[in-house]
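Student: Quick one: the structure is below, questions incoming.
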Amino acid sequence: MPTNDSVEDYRTKADEQFSRLARNLDSPLDSAVPRPWRPKVAGRIALFLGPIAGALIVAMSLRRMGRRESARKVALLGLALTAAEAAILFFIPDVFSRLVGFAAEIAFRLIFPPLMQKEFTEWEGNHAGVRPANGWKAVGWGLIGVVLFFVILLSVFTGLLAVLPGR
């Protein structure tokens, strides 16, 4: 009866492999689904790379958590804050522009994380075994936000110079 033993061993090994596979089925699917960034990441990106970069990170995180409407509102808020900052920088004297810019960056650092904190805490509770996305990967999107910031800045400056040519 050695054949029955070898068949039994084979079944045991195969069952063991299938059970290992079944236990690991969730991890490839979880890694394929985009995960949101932590709220602190959005704040740091906003501090160092500007308001539109921070808004991009918050909006993308909210979309990854299934909150598309909130993401759209945050993206529009980021555009509005960027346009407002550009207009303020246009009208203030150059002596104060660095101080105002620095104060605005600190304000953006404080504004963006709370916009997604509640949703992130809820997402974290629902996905206990899943880690948030790596914050370093957000830097690429932050750099895109810097480019968008300068496009908005130049657009606002050009529009204001067209309306107020003597400025």
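The values are calculated or read from the model by the stated rules, or taken from the named source; none is laboratory data. Given the structure is predicted, the values throughout are model-derived calculations rather than measurements. Here the Cβ positions follow ideal geometry from the backbone for every residue, glycine too, while neighbour counts run over all protein chains shown.
Student: Being within 19 Å of Glu85 (Cα to Cα) and not in a helix (DSSP H, G or I) is the filter here, so list the residues in segment 42-69 that pass it.
Tutor: Gly50
Student: Being in a helix (DSSP H, G or I), at pLDDT 95 or above and hydrophobic (A, V, I, L, M, F, W, C) is the filter here; which residues of segment 13-41 pass it? Before you say what the answer is, go through the steps one by one.
Tutor: Step one: of segment 13-41, the residues in a helix (DSSP H, G or I) are 13-23, 26-32, 39-41.
Those still in the list that are at pLDDT 95 or above too: 39-41.
Correct list: Val41 only.
Student: Another question about this same structure. Which number in (1) under 30 Å from Leu161 (Cα atoms); (2) modelled with pLDDT of 95 or more; (3) among the basic types (Lys, Arg) marks the one condition that Lys118 misses?
Tutor: Unmet for Lys118, out of (1) under 30 Å from Leu161 (Cα atoms); (2) modelled with pLDDT of 95 or more; (3) among the basic types (Lys, Arg): (1).
Student: How many of the residues in segment 138-151 are without any contact (Cβ under 8 Å) to a residue 24 or more places away in the chain and either closer than 21 Å to Leu77 by Cβ or not in a helix (DSSP H, G or I) (or both)?
Tutor: Let us first name the residues in segment 138-151 that are without any contact (Cβ under 8 Å) to a residue 24 or more places away in the chain, namely 140, 147, 150-151.
If we keep only those that are either closer than 21 Å to Leu77 by Cβ or not in a helix (DSSP H, G or I) (or both) too, we end up with 147, 150-151.
Of the residues in segment 138-151, 3 are without any contact (Cβ under 8 Å) to a residue 24 or more places away in the chain and either closer than 21 Å to Leu77 by Cβ or not in a helix (DSSP H, G or I) (or both).
Student: In segment 121-137, how many are over 11 Å from the mean Cα position of the chain (by Cα), surrounded by 15 or more Cβ atoms within 10 Å (Cβ to Cβ) and either polar (S, T, N, Q) or assigned to a helix (DSSP H, G or I) (or both)?
Tutor: Qualifying residue count for the region: 2.
Student: Every residue in segment 83-114 that is closer than 23 Å to Pro36 by Cα and surrounded by 14 or more Cβ atoms within 10 Å (Cβ to Cβ), please.
Tutor: Residues satisfying the conditions are Glu105, Ala107, Phe108, Arg109, Ile111, Phe112, Pro113.
Student: Restricting the search to segment 157-167, which residues are assigned to a helix (DSSP H, G or I) and either surrounded by fewer than 12 Cβ atoms within 10 Å (Cβ to Cβ) or on the phi > 0 side of the Ramachandran plot (or both)?
Tutor: Correct list: Thr158, Ala162, Val163.
Student: Right, another one. Can you tell me which condition Leu79 does not meet? The list is (1) under 26 Å from Val130 (Cβ atoms); (2) surrounded by fewer than 18 Cβ atoms within 10 Å (Cβ to Cβ), and all the others hold.
Tutor: (1)
Student: Then there's this: Looking at (1) modelled with pLDDT under 95; (2) assigned to a helix (DSSP H, G or I), which is the only condition Leu154 fails?
Tutor: Here Leu154 clears every test but (1).
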